[in-house]
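The next block holds one structure in the form of structure tokens; read it before the comments.
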Amino acid sequence: DLFELTQRVIRTLGVSRLLLGRCLLTIDAIDVAGEVGCSGSIHFAGLHGIDHREAREARRVSRCLEDLPQLRKAAEEGAIDWASLREIVRKATPETEERWLQLAQNLNYRKIARIVSRTRDGEMPIEDQGPEVDPVETLIQCRLDMIRTRIMHEVMRKLSEDHGRPVSFTEHLEILWAQ
């Protein structure tokens, strides 16, 4: 029962964000924020405790969904989670929304975000079959001969002396790149 209740609440949160976005769009469209002393809908939302980024995101997603009826319906019914929806609308078009909806119903947010990042605007999304890679990390590999390896170790030793502590290889690269 608790699990079911939690799922319903999560779906309700997404629907509430969608409704918030629609309200903010309407406030801007009919230009009534000034009547209550606000510069716009985001200012109004902020005065009522909504984080500005969250308000902008809700408004952006709602604006995008105006042209995506299948995704809009799924969002209204709570059939697609908010995290996936906000990513999908970045790339979805009326021609591709059905495929995006299929992916959203079968994949978690992380996989959706990965597909979104690899899909060009308007392009049909393809379910990624590649190895799972953390999207915030990049693997860099390089081959060094013995002389360059010695130089690298010597530079790391010198950086460690300069910093008064051991400097990791990653930190070593960060310092060099920053310079």
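The values are calculated or read from the model by the stated rules, or taken from the named source; none is laboratory data. Quick caveat, the model's predicted, so the values are computed rather than measured. Cβ coordinates were reconstructed from backbone atoms using ideal geometry, including for glycine residues, and neighbour counts include every protein chain displayed. Note: accessible area is taken over every heavy atom of the protein model, side chains too, but ligands, DNA and RNA are not part of it. Shrake-Rupley method; radii C 1.70, N 1.55, O 1.52, S 1.80 Å.
Structure data summary
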item: Failed item, numbered, when Ser39 is tested on (1) surrounded by fewer than 16 Cβ atoms within 10 Å (Cβ to Cβ); (2) in contact (Cβ under 8 Å) with a residue 24 or more places away in the chain; result: (2)
item: Residue in region 10-19 that is surrounded by the fewest Cβ atoms within 10 Å (Cβ to Cβ), counting only those that are out of contact with any Phe, Trp or Tyr (no Cβ under 7 Å at 6 or more places or on another chain) and closer than 19 Å to Asp67 by Cβ; result: Leu19
item: Answer residue from region 104-132, given it is under 20 Å from Ile10 (Cα atoms) and buried (at least 19 other Cβ atoms within 10 Å of the Cβ) and is farthest from the chain's Cα centre (by Cα) among those; result: Ala104
item: Scope region 124-147; condition of a type in the set (D, E, K, R) and modelled with pLDDT of 90 or more; matching residues; result: Asp145
item: Residue count, region 69-95 (criterion: part of a helix (DSSP H, G or I) and over 20 Å from Arg59 (Cα atoms)); result: 0
item: Boolean, Glu98 is open to solvent by 90 Å² or more (accessible area, probe 1.4 Å) and part of a helix (DSSP H, G or I); result: yes
item: Residue check for Val32: within 27 Å of Asp121 (Cα to Cα) and either open to solvent by less than 70 Å² (accessible area, probe 1.4 Å) or hydroxyl-bearing (Ser, Thr, Tyr) (or both); result: no
item: Among residues of region 137-164, those that are hydrophobic (A, V, I, L, M, F, W, C) and part of a helix (DSSP H, G or I), counted; result: 7
item: Looking only at region 76-95, and only at residues there that are farther than 16 Å from Val116 by Cβ and of a type outside the set (D, E, K, R), the one that is least open to solvent (accessible area, probe 1.4 Å); result: Gly78
item: Test for Arg53: is it without any contact (Cβ under 8 Å) to a residue 40 or more places away in the chain, over 21 Å from Val9 (Cβ atoms), under 18 Å from the mean Cα position of the chain (by Cα) and open to solvent by 80 Å² or more (accessible area, probe 1.4 Å); result: yes
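Each row is one residue, and each column tells you yes or no for (1) assigned to a helix (DSSP H, G or I); (2) among the aliphatic types (A, V, I, L, M).
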position: Glu4; (1), (2): yes, no
position: Arg11; (1), (2): yes, no
position: Leu19; (1), (2): yes, yes
position: Arg22; (1), (2): yes, no
position: Cys38; (1), (2): no, no
position: Ile42; (1), (2): yes, yes
position: Ala55; (1), (2): yes, yes
